[in-house]
Amino acid sequence: MKPADLHFAKTHEWVSVAEEDGSQVATVGISAFAVEALTDLVFMELPTIGKQVSAGEPFCEVESVKAVSDVYAPVSGEVIAVNETLPDTLEKLSTAPYGDGWIAKIKMSEEGLGHLMDYDAYQKQCSEES
């Protein structure tokens, strides 16, 4: 996936939405900016399949040598898939944050991504945080 085609939350999660079996399914990950800020990652707790999540609420955790950080659901819905290999290959978050480093897929319960930023707005936010 190209970052320019994604939507971003203020909390550094990215979203790519596709139609699957008549439903909107969001693939979710964390941005390269977030991975760089976290530095050396040592553990990730994936969300549970079937879990109902709400936009803006924590739905899993990632741990670095510096701290444990919540990962927030950028959309509301049901977790229908997780990247089961990710906890054993955390380097994917650094090497392919917008590809193999995806975290979960959420079957969206609400339409629309208006609360999320496009890539340009997200880049502006990142430059202000640096």
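Only the coordinates and a few stated rules stand behind these numbers; no lab work does. Treat the numbers as computed from the prediction; the structure is a model and nothing was measured. Using ideal geometry, Cβ is built from the backbone for each residue, glycine included, and neighbour counts are taken over all protein chains shown.
How many angstrom lie between the C-alpha centres of the stretch 1-31 and the stretch 68-95? If we compute the Cα centre of each part, the gap is 12 Å. On the beta carbon distance between Ala81 and Glu61, with R0 = 22 Å, the FRET formula returns roughly 0.75.
Of Lys51/Lys105; Lys2/Lys105; Lys2/Lys66; Lys66/Lys124; Lys10/Lys124; Lys92/Lys124, which sit over 23 Å apart, Cα to Cα? Don't skip to the answer; put the middle values down first.
Details: Lys51/Lys105 11 Å; Lys2/Lys105 17 Å; Lys2/Lys66 29 Å; Lys66/Lys124 25 Å; Lys10/Lys124 11 Å; Lys92/Lys124 25 Å.
Long pairs (Cα-Cα over 23 Å): Lys2/Lys66; Lys66/Lys124; Lys92/Lys124.
Dividing the summed helix terms, -39500 (n - 2.57) for each DSSP H run of n ≥ 4, by the number of residues in the chain produces a 222 nm estimate of -4500 deg cm²/dmol to the nearest 500.
Here the chain is treated as an ellipsoid with the same Cα gyration tensor; its semi-axes, largest first and in whole Å, are 21, 18, 13.
Taking R0 as 22 Å, what's the FRET efficiency between Ser130 and Thr95 from their Cβ-Cβ distance, rounded to 0.05?
On the way: r = 21 Å, r/R0 = 0.98.
Efficiency for this residue pair is about 0.55.
Placing a pseudo-label 7 Å from each Cα along the Cα-to-Cβ vector at Thr11 and Gln52 gives an inter-label distance of 1.8 nm.
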